[in-house]
Amino acid sequence: MRSVIDIVDLTTEELDELIKTAVDIINNPNKYSEICRGKKLATLFFEPSTRTRMSFEAAMYELGGHVISMTDAGSSSAAKGESVADTAKTVSCYTDIIAMRHPKEGAAYVAAKAASIPVINAGDGGHCHPTQTLADLLTIYREKGGFDNLTVGLCGDLKFGRTVHSLINALSRYNGIKYVLISPEELKLPSYVKADSIKSKNIPYTQTTDLESAMPELDILYMTRVQRERFFNEEDYLRLKDSYILTPDKLKNAKADLSIMHPLPRVNEISAAIDDDPRACYFKQVLNGKYMRMALIIKLLKEAGTI
Ligand code: CP
């Protein structure tokens, strides 16, 4: 059974195909409004979420399907000690596809191994968040018309930021990409991500702690939150949490067509004063996430022979 746990589970051709489907959904929503009629999505969220869960649910409704949701692990039998594998086997009896978020790295993989229906990883700890990357890709595609020859600045928590790791893997497949990695020393991009997705492909990159000096060359600025839930030590979190705060004055040397992105939720990383700047794309990402999740649900249910 085909599941999507990591962005590497999708080939470049499949990423392009999902973008094409999402664009078609945007242009011809009626064509897709009954495609999942009578089918059910289970959203199993063992960790908080606003965008991912609600966009999966909106996606399934807009495809004509139904949703069964578990939004609080405390109200499920997980609270009695039921394993992720048993939960996945159980939910397979009731629904056609699962979207699952869990605080533990690898939990989505365990669920996919046990389930008899497709499982989509909606975030597993600091590991992967492939559908956020799909949202990011559609946003870049719609803003820039493609992925080639972009200079992409990634700023904030590059160590624990699962969206950053997946986005780098995806963008590194295209031509002429260059990265500027902007983070405090303690939150630098892990060596394995650098080795696997940047160095192995001879992709040019620079590392800096200074956002403003990097700004003029950027086509994309991808801001991230320093995630309290990933820190073992509250003192370190408090010291690092406000390392980068994007305010209008910091954009004075930015390109006129810069795209400012953020997977959200934000805390202080982007001032609300930037929200009306035409370069702000983070709420477009939210909407694009729904379209890409629609495209992914269709793809996996078609491959499973369910629709
Ligand atoms: N970007 C994202 O995953 O948001 P939520 O945590 O609200 O789902």
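Details
- Among the residues of region 83-97, those that are closer than 25 Å to Met54 by Cβ and either within 16 Å of the ligand (Cβ to nearest atom) or of a type outside the set (A, V, I, L, M, F, W, C) (or both) comprise Thr87, Thr90, Ser92, Tyr94, Thr95, Asp96.
- Within region 273-304, the residues that satisfy the criterion of being among the small types (Gly, Ala, Ser) and not in a helix (DSSP H, G or I) are Ala280, Ala304.
- Scanning region 58-78 for residues that are touching a residue at least 60 places away in the same chain (Cβ under 8 Å) and open to solvent by 30 Å² or more (accessible area, probe 1.4 Å) yields a count of 2.
Results for (1) touching a strand residue (DSSP E or B) at 6+ places or on another chain (Cβ under 8 Å); (2) part of a loop (DSSP other than H, G, I, E, B); (3) more than 16 Å from the ligand (Cβ to nearest atom), shown as yes or no for each residue.
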residue	(1), (2), (3)
Ala22	no, no, yes
Ile26	no, no, yes
Cys36	no, yes, yes
Leu44	yes, no, no
Gly64	no, yes, yes
Ile68	yes, no, yes
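- Residue within region 136-143 that is away from the ligand (no atom under 12 Å from the Cβ), over 26 Å from Asn268 (Cβ atoms) and out of contact with any helix residue (DSSP H, G or I) (no Cβ under 8 Å at 6 or more places or on another chain) present: no
- Selected residue [touching a Gly at 6+ places or on another chain (Cβ under 9 Å), in the same structural domain as Ala280 (by TED's automatic domain parsing) and within 22 Å of Asp277 (Cα to Cα)] from Thr247, Thr224: Thr224
- Meets criteria (of a type in the set (Phe, Trp, Tyr), within 24 Å of the chain's Cα centre (by Cα) and not in a strand (DSSP E or B)) for Tyr94: no
- Strands (runs of 3 or more DSSP E) fully within region 104-208 counting 2 or more residues that are farther than 30 Å from Thr71 by Cβ: 151-155, 178-182, 205-208
- Residues located in region 71-81, provided they are in contact with a helix residue (DSSP H, G or I) (Cβ under 8 Å, 6 or more places away or on another chain) and either within 16 Å of the ligand (Cβ to nearest atom) or outside any helix (DSSP H, G or I) (or both): Thr71, Ala73, Ser76
- Output for region 36-70, where each listed residue is charged (D, E, K, R) and in contact with a helix residue (DSSP H, G or I) (Cβ under 7 Å, 6 or more places away or on another chain): Lys39, Arg51, Glu62
- Identity of the residue in region 79-95, in contact (Cβ under 8 Å) with a residue 40 or more places away in the chain and of a type in the set (Ser, Thr, Tyr), that ends up nearest to Ile25 (Cα to Cα): Thr95
- Failed item, numbered, when Asp136 is tested on (1) open to solvent by less than 20 Å² (accessible area, probe 1.4 Å); (2) over 29 Å from Ala59 (Cα atoms); (3) among the acidic types (Asp, Glu): (2)
- Subset of region 216-241 [within 30 Å of Met54 (Cα to Cα), among the charged types (D, E, K, R) and open to solvent by less than 70 Å² (accessible area, probe 1.4 Å)]: Asp219, Arg225, Arg230, Lys241
- Looking across region 261-272, the residues that are part of a loop (DSSP other than H, G, I, E, B) and under 13 Å from the mean Cα position of the chain (by Cα) come down to His262, Pro263, Leu264, Pro265.
The values are calculated or read from the model by the stated rules, or taken from the named source; none is laboratory data. Just so it is clear, the structure is predicted and the values come from calculations on it, not from any experiment. Because the Cβ atoms are built from the backbone with ideal geometry, glycine has one as well, and the counts that use them run over all protein chains shown. Surface accessibility is based on the protein's heavy atoms, side chains included, excluding ligands, DNA and RNA. Shrake-Rupley method; radii C 1.70, N 1.55, O 1.52, S 1.80 Å.
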